[in-house]
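The values are calculated or read from the model by the stated rules, or taken from the named source; none is laboratory data. Here the structure is a predicted model, which is why all the values come from computation and not from measurement. Note: ideal-geometry Cβ built from the backbone for every residue, glycine included; neighbour counts use all protein chains shown. Just the protein is used for accessible areas: all its heavy atoms, side chains included, with ligands, DNA and RNA removed. Shrake-Rupley method; radii C 1.70, N 1.55, O 1.52, S 1.80 Å.
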Amino acid sequence: MIRTLIVDDDFRVAGVHAGFVEEVAGFAVVGTAHTAAEARARVRELAPDLILLDVYLPDESGLVLLPELQTDTIVLSAATDGKSIRRAIGAGALNYLIKPFTTRQLSERLRSYARYRGLLTDDRVLNQDDVDRAFRALHEQDRAITPKGQSTATSRLVSDQLRNAAEPLSAAEVANELGMARATAQRYLTALAESGSVEMRLRYGATGRPEHEYSWKDA
C-alpha cells in the first residue's frame, strides 16, 4: 500500500481528498495535517510514502515546506500563477493539480504515480530506457481527453462557465451566455457529466417538463 498524508488547511477539503484517495486501489490515507507545523510532525511520526500538499497553509506556505520534505509530493492547490507552479516543480513536486478538480483527475494522477513508483523500486538496476519509461508513466494521464468530435477550447469555455456560476445552469442558459446553439451546449455538458466533472440534476419549474441543470463538482 502507498501510505498517503494529506496536508490541507481546510478540514472538510482534507476529508474529501481522503475519500478520493481511499477509492484508488493500492493507496491508504495514514493521516491529515492542516498547518505546516503539523505536517512536519506528521511526516516524522508516520513516514508516509506520498504527500498531497496544499500551497495555502495558515502558518507557512506549502512552497516553503516542500523543499524540506524527503517524501514524494503532489501539490493540490488553487494557486494558478506561473511563479508558484515553477517553485513547486523546482522544489521537487512530482505533479501539480489545480483546484477544483474531479475525482477522476486525482485518481488518474495517483495511478500514474503508482506505476512510476513500481518502475523505480529501490533494489532495481535501471538503464536509460527504464528511466524514460518511468517519467512517461508519471505523466501519461495528465492530459484531459476530449471526446471525439469536440473542441478542447469549447469544452474549457463550458467548464469555466459552470465553475464561475453562482448556481446550476441549464443547457439553454449556458448556450445563451456563450453564444452557441443549445444542442452544442447540451453535447458538451453531457460529456462533462459522463466524465464526472459536473453534476447533473433535474430542475422542476412551476409548469411544463423538468429540465436538466448542471453544476461543477468542487474537489
If you look at just the Cα atoms of region 14-80, how large are its Rg and its Dmax in Å? 11.5, 33
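Could you compute the longest span of the chain free of trypsin sites (Lys or Arg not before Pro) located in DSSP loops and having at most 11 other Cβ atoms within 10 Å, not counting the site residues?
Working: sites that count: 124, 143, 148.
With a cap of 11 other Cβ atoms within 10 Å, the longest stretch comes to 1-123.
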For the pair residue 128/residue 60, report the inter-label distance in nm, with labels modelled 7 Å from Cα in the Cβ direction. 4.0
Pairing the Cα long axis of helix 152-164 with the longest principal axis of the chain, what angle in degrees results, from 0 to 90 and rounded to the nearest 10? 90
C-alpha long axis of helix 11-22 to longest principal axis of the chain, angle in °: 80
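What share of the DSSP beta bridges in the chain is antiparallel, in percent to the nearest 5? If you can, show how the numbers build up before the last one.
Values: 8 of 26 bridges.
Looking only at bridges with both residues in the chain, the antiparallel portion is about 30 percent.
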Taking a probe of 1.4 Å and leaving out DNA, RNA and ligands, region 74-157 shows per residue an accessible area in Å² of 61
May I ask you to derive the FRET efficiency for residue 45 and residue 12 from their Cβ-Cβ distance with R0 = 30 Å, giving the value to the nearest 0.05? 0.85
Mind listing the phi-derived Karplus ³J(HN,Hα) values for region 179-187, rounded to whole Hz, using 6.51, -1.76 and 1.60 with θ = phi - 60°, and x for any glycine or proline? x, 10, 5, 4, 4, 5, 4, 4, 5
Column: log10 I(q)/I(0), Debye, Cα scatterers of the chain, q = 0.09, 0.17, 0.18 Å⁻¹: -0.44, -1.19, -1.27
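Can you tell me the FRET efficiency between residue 190 and residue 136 if r is taken as the Cβ-Cβ distance and R0 is 30 Å, rounded to the nearest 0.05? Each step should come with its number before you reach the end.
On the way: r = 32 Å, r/R0 = 1.05.
Rounded to the nearest 0.05, the efficiency is 0.40.
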